[in-house]
Amino acid sequence: AQESRGLGDVYKRQSLHWQRCLAWRVQLEEACGGGREEIIRIASEALAYTIADVDSGMAGQLYNPLEIRLILVLARHIYFAAIEETEARLFRMVRCVETYYSGRMKETLGIEILLTLIELMEKSGENNKVVRYADQTIALIAKGRGIRHVAELHYICLLYTSPSPRDS
């Protein structure tokens, strides 16, 4: 029994290692302008190591930081069926992070998710939601430690002050 339990631990560590390797590959593909389909394929493959069915609603799912970042990649590339579904998934992730994380990790992951929500709502023309998620992001940054997220504040300020197509 002890030996079989040890083999399970080895398999789990190898799976996490391969997931991390694929996540790095996703980052490289994004940084080097890789194709959308290839990025989606690699991110989905990486998530499959720890989430059995990426296409399911994943309600009640607990997420590790790497899973969160891979799901954000898929969301940015509009992998999921509809923007409403993507928004709902990301909002559940925000709640998961608020509930189960603390300190700097809670702040960093929460901001990453909210910035992705802002980006998606901006693309879909949902300006009221852009403002709502920007407000939540600012509140999270204000509660944070130090000045790690000043660049995000700059981006959000540009969103608030940029002219809207409706202004012309």
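Can you give me the number of residues within the range 9-28 that are at pLDDT below 75 and under 22 Å from His77 (Cα atoms)?
Of the residues in that region, 0 qualify.
Restricting to the range 29-43, count the residues that are more than 16 Å from the chain's Cα centre (by Cα) and either touching a residue at least 60 places away in the same chain (Cβ under 8 Å) or surrounded by 12 or more Cβ atoms within 10 Å (Cβ to Cβ) (or both).
Adding up the residues that qualify gives 5.
Inside the range 84-107, can you point out the residues that are closer than 17 Å to Arg132 by Cβ and β-branched (Val, Ile, Thr)?
Within the range 84-107, Thr86, Val94 qualify.
Kindly provide the set of residues from the range 100-122 that are without any contact (Cβ under 8 Å) to a residue 12 or more places away in the chain and either open to solvent by less than 50 Å² (accessible area, probe 1.4 Å) or closer than 18 Å to Leu72 by Cβ (or both), ordered by number.
Within the range 100-122, Tyr101, Lys106 qualify.
Kindly provide the set of residues from the range 78-94 that are open to solvent by 50 Å² or more (accessible area, probe 1.4 Å) and either modelled with pLDDT of 90 or more or more than 12 Å from Gln136 (Cβ to Cβ) (or both), ordered by number.
Ile78, Tyr79, Ala81, Glu84, Glu85, Arg92
The values are calculated or read from the model by the stated rules, or taken from the named source; none is laboratory data. Owing to the predicted nature of the structure, the values given are computational and were not obtained by experimental measurement. Neighbour counts are summed over all protein chains in view; Cβ atoms, including those assigned to glycine, are modelled from backbone coordinates with ideal geometry. Just so you know, the surface numbers come from the protein's heavy atoms only, side chains and all, with ligands and any DNA or RNA stripped out. Shrake-Rupley method; radii C 1.70, N 1.55, O 1.52, S 1.80 Å.
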